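K.L.:
Let me begin by handing over the structure; questions about it come next.
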Amino acid sequence: MNISIIRLYFKIFGNSPVFLNNTGYYANFLKWATGQQNKQAYFEWFGPTVTRDYQIATLIWAQSKSEERIFVWGDTPMIYALSRRLPATKYTAKYHIESFGAQVQTIKEITTREPKYIVTTDNPENLPGLLHVLNDKYMLEEEIEGARVYRKTVGR
């Protein structure tokens with residue numbers, strides 16, 4: 001790596017605690033930016049499910065319209081942002097739904113809004129009523145690293 005880039009950074013930002021406390025983050029980015037590692041390795045540095053979440057989001061983005069909503073059952077709300085799709089319910093993560101006791105409200109919102117896609121990264125039986133909704137109006141489109149992507153069926 002070119003030492004002048006590092007000197008320039010410290011000349012501009014000094015000994016910033018943000019930089020010093022996140023050296024792994026910057027090292028990971030520099031490895032990817034300079035071709036020392038591929039995109040998958042770059043993503044995996046952030047966590048074991050990042051690549052999977054990008055794959056799910058890419059599928060949803062390609063197969064739905066921007067105004068169509070989705071629902072993710074699990075603790076991976078980043079799928080909403082990555083797919084550029086709004087959530088079908090008030091809560092975007094399983095832990096929010098459970099913490100606020102919003103299971104019944106969530107199922108009502110799903111039933112009313114009928115999102116184009118429902119993604120389960122957690123067991124759907126852990127949200128009472130979700131399995132019924134999936135069996136009644138959705139079809140399993142793809143399974144990606146343990147996550148299941150369901151698409152609303154037409155005419156159901």
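Read-outs: derived from the displayed coordinates by stated rules, not from any lab. Just so you know, these numbers come straight off a predicted model, no measurement behind them. Cβ atoms come from the backbone with ideal geometry, glycine included; neighbour counts cover every protein chain shown.
K.L.:
Binned at 5 Å from 0, what are the whole-percent values of the Cα-Cα distance distribution for the range 50-152, short to long?
P.N.:
It works out to 2, 14, 28, 28, 20, 7, 1, in whole percents.
K.L.:
Once the dipole of the range 34-156 is set up with Lys and Arg at +1 and Asp and Glu at -1 on Cβ about the Cα centre, which of H132, T112, G146 lies farthest towards its positive end?
P.N.:
So the residue we want is T112.
K.L.:
If you take the beta carbon distance between D136 and R84 as r and set R0 to 41 Å, what does 1/(1 + (r/R0)^6) give as a FRET efficiency, to the nearest 0.05?
P.N.:
About 0.90, to the nearest 0.05.
K.L.:
Using unit Cβ charges (K, R positive; D, E negative) and no other charged atoms, how large, in debye to the nearest 20, is the dipole of the range 50-152 about its Cα centre?
P.N.:
So the dipole magnitude of the range 50-152 works out to roughly 400 debye.
K.L.:
Then there's this: Students often check this: by mean Cβ neighbours within 10 Å, which of 42-53, 83-94 ranks highest, and how do the rest follow?
P.N.:
Listed from highest to lowest mean packing, they are 83-94, 42-53.
K.L.:
Translational diffusion coefficient of the range 89-128 at 37 °C, 0.692 mPa s, Stokes-Einstein with Kirkwood Rh over Cα pairs, in µm²/s as a whole number.
P.N.:
Result for D is 312 µm²/s.
K.L.:
For the pair A27 and Y95, what calculated FRET efficiency results from E = 1/(1 + (r/R0)^6), where r is the Cβ-Cβ distance and R0 = 41 Å, to the nearest 0.05?
P.N.:
Taking R0 as 41 Å, the efficiency between Y95 and A27 is 0.85.
K.L.:
OK, next. Which aspartates and glutamates does K39 reach when only Cα atoms under 20 Å apart count, and residues fewer than 8 places away in its own chain are ignored?
P.N.:
D53, E145
K.L.:
Check I144: other-chain or 5+ apart residues with amide H under 5 Å from its amide H, H built from backbone geometry?
P.N.:
Residues meeting the amide H criterion: V149.
K.L.:
Separate question: Excluding same-chain residues fewer than 8 positions from K152, which lysines have a Cα within less than 24 Å of its Cα?
P.N.:
Partners found: K65, K90, K94, K108, K116, K137.
K.L.:
Need one word for the range 19-104: rounded, prolate or oblate. Basis is the Cα gyration tensor (sqrt eigenvalues a ≥ b ≥ c); a/c below 1.5 gives rounded, then a/b vs b/c decides.
P.N.:
Cα axes put the range 19-104 in the oblate bin.
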